[in-house]
Amino acid sequence: MPLTPAAPRQARLVLFVGFPGMCMLDIAGPQTVFWCASKVMQERGLPGYVRHTVSLDGGLVQTLEGVAMQTERLDGFAPTEVDTVVVPGSADIVTAVREQQALVGWLQRHAGEMRRMSSVCTGAFVLAAAGLLDGKRAATHWLTYDLLRDTYPLVEVDREAIFVQHGDTWTSGGVTAGIDLALAMVEADCGREVALAVARELVVFVKRPSKQPQLSRMLQAQAGDGPLFDELHMWILANLERTDLSVEVLAAQMRMSPRNFSRVYKDKTGQTPARAVERFRLETACRLLEDSGRHLDGIAQLCGFSDEGRMRKTFQRHLHTSPSAYRQRLAPVPSVPPAP
C-alpha cells in the first residue's frame, strides 16, 4: 500500500519565513517535524522536504527570545518551486504586521503560485493582512481570538480548533500547536504511518485532533482561581479512579461546607465541581487512549467512569465520537517485529 496517494518525485520545498521579534518555537517546532519527516521518508527511499529559513533581506534575524537566526533572502527562491510556506507569530503581532508590509505584499502577490500557505500562532495575522484568510476559517493563539476577529472581520475565527485546514491554507493555535499543525501537514503529504513515526521520535502525544482545545482542562481550571484549588485539582487527578468524587467529598478536602464550596468553586473556575471532575476524567481517558494499550474497560475504571458504557456516553457528549474511534484515529501504530 503506498504511503501517500501521489508520492512526489522530488523533495518538497518548505520556506520558514522569519522577521524581527518572531517567536522562535513557532519556527523551530515545525522545522523539527519536517526534518524528522524527511529522515523517515529517506529511510523508505522516498523524497522528503528541503527546508530553508528565509527573510526579506536575509542575514541574522533576532527572535523574541533573543536568539538570532541565520536566514536566506526570500527572493532567492522562485515562488512556483515552493511547496509550503510557514509564517510564525510574534508577541507584538500588531507592530510586526505594520513593520512587515513588504512581506505582506510578497505573500499577496505570490501565494497563488505555491501549493500551501500556513501560519503558527499569531502568524495568522500576517496571512490575514495579505487577504489570504478572507472568507476562511482560521485558528490563532487563544489570547488573540477577539483581536483577529475585530481586526479582520472577513476571517472566521475558530475558537475551538488547535489547528485548521481550509483549502490550501493551514493555521494553528499558540506556540506548540505549530507542532500539531506540521504533523497534520506531514500526514496529509506522506501518510499517517510517517506522521506517527515522527511523533514517536519527537516524543509528543499523537496525534492531537484539530478540534482539541488549546488549553488542557487542568490549565483552564487553574487559570482563574489562583492557588486556591491547585491542591484540590492535584488530589482529584491522584484519585480519579474513585467514582464518589461528589461535592461533599471535594468540599471535605477543602474543609468547606458543600454549599459554600460549590458557590466558591463555580465563582473562581467558571464551572461546577461535577463538570470539572467529568472534564478531568475525559482528558485523562483521552491521554490513556492515545498513549497506552490498555483495554477500554480498564481505562474507564482508572478514570472513574465505573464502566465502558458511561465513558462512551461522556465521549459522545463532549467529543461526538466513541473511545474506540478516538483510539483508532489517534493511537500509535504498533510496531511489527521483524520476521525470524
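Just for the stretch 49-63: of the residues that are of a type outside the set (S, T, N, Q) and touching a residue at least 40 places away in the same chain (Cβ under 8 Å), which one is most open to solvent (accessible area, probe 1.4 Å)?
L56
From the list G298, G309, pick out the single residue that is assigned to a helix (DSSP H, G or I), under 28 Å from A195 (Cβ atoms), at pLDDT 90 or above and not assigned by the TED database to the domain that holds E187.
G298
Being modelled with pLDDT of 90 or more and assigned to a helix (DSSP H, G or I) narrows it down to one residue among E283, E290, E278; which is it? Explain how you work it out, then say what you get.
Working: E283 fails: modelled with pLDDT of 90 or more; E290 fails: modelled with pLDDT of 90 or more.
Among E283, E290, E278, only E278 is modelled with pLDDT of 90 or more and assigned to a helix (DSSP H, G or I).
For the subset of the stretch 250-292 comprising residues that are of a type in the set (G, A, S) and in contact (Cβ under 8 Å) with a residue 40 or more places away in the chain, which member is surrounded by the fewest Cβ atoms within 10 Å (Cβ to Cβ)?
G270
Given the conditions (1) modelled with pLDDT of 50 or more; (2) loosely packed, with under 14 Cβ neighbours inside 10 Å; (3) not hydroxyl-bearing (S, T, Y), report the number of the one that L219 does not fulfil.
If we test L219 against (1) modelled with pLDDT of 50 or more; (2) loosely packed, with under 14 Cβ neighbours inside 10 Å; (3) not hydroxyl-bearing (S, T, Y), just (1) comes out false.
Just a yes or no: is a residue in the stretch 241-249 closer than 25 Å to P323 by Cα, without any contact (Cβ under 8 Å) to a residue 24 or more places away in the chain and under 27 Å from the mean Cα position of the chain (by Cα)?
No, that holds for no residue.
Here are some conditions: (1) in a helix (DSSP H, G or I); (2) open to solvent by 20 Å² or more (accessible area, probe 1.4 Å); (3) farther than 23 Å from W142 by Cα. V94 meets all but one. Which one does it not meet?
The one condition V94 does not meet is (3).
What residue, of T32, T80, is over 22 Å from A96 (Cβ atoms), out of contact with any Ser or Thr (no Cβ under 7 Å at 6 or more places or on another chain), open to solvent by 30 Å² or more (accessible area, probe 1.4 Å) and touching a residue at least 40 places away in the same chain (Cβ under 8 Å)?
After applying the criteria, what remains is T32.
Take the residues of the stretch 42-59 that are of a type in the set (S, T, Y) and more than 21 Å from V194 (Cα to Cα): which is nearest to the chain's Cα centre (by Cα)? Please lay out each step first, then the result.
So in the stretch 42-59, the residues of a type in the set (S, T, Y) come out as 49, 53, 55.
Filter again for more than 21 Å from V194 (Cα to Cα), leaving 53, 55.
Details: T53: 22, S55: 25 Å.
Checked the stretch 42-59; the qualifying residue nearest to the chain's Cα centre (by Cα) is T53.
For (1) more than 19 Å from T176 (Cβ to Cβ); (2) surrounded by 22 or more Cβ atoms within 10 Å (Cβ to Cβ); (3) assigned by the TED database to the domain that holds V194, each residue gets a yes or a no:
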| position | (1), (2), (3) |
| --- | --- |
| F19 | yes, yes, yes |
| M24 | no, no, yes |
| A68 | yes, no, yes |
| R73 | yes, no, yes |
| E99 | yes, no, yes |
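Within the stretch 176-183, can one find any residue that is hydroxyl-bearing (S, T, Y), farther than 19 Å from G29 by Cβ and open to solvent by 10 Å² or more (accessible area, probe 1.4 Å)?
For the stretch 176-183, residues hydroxyl-bearing (S, T, Y), farther than 19 Å from G29 by Cβ and open to solvent by 10 Å² or more (accessible area, probe 1.4 Å): absent.
The values are calculated or read from the model by the stated rules, or taken from the named source; none is laboratory data. Just so you know, these numbers come straight off a predicted model, no measurement behind them. Quick reminder, even Gly has a Cβ in these numbers, built from the backbone with ideal geometry, and neighbours come from all protein chains shown. These accessible areas exclude ligands, DNA and RNA; they are computed on the full protein's heavy atoms, side chains included. Shrake-Rupley method; radii C 1.70, N 1.55, O 1.52, S 1.80 Å.
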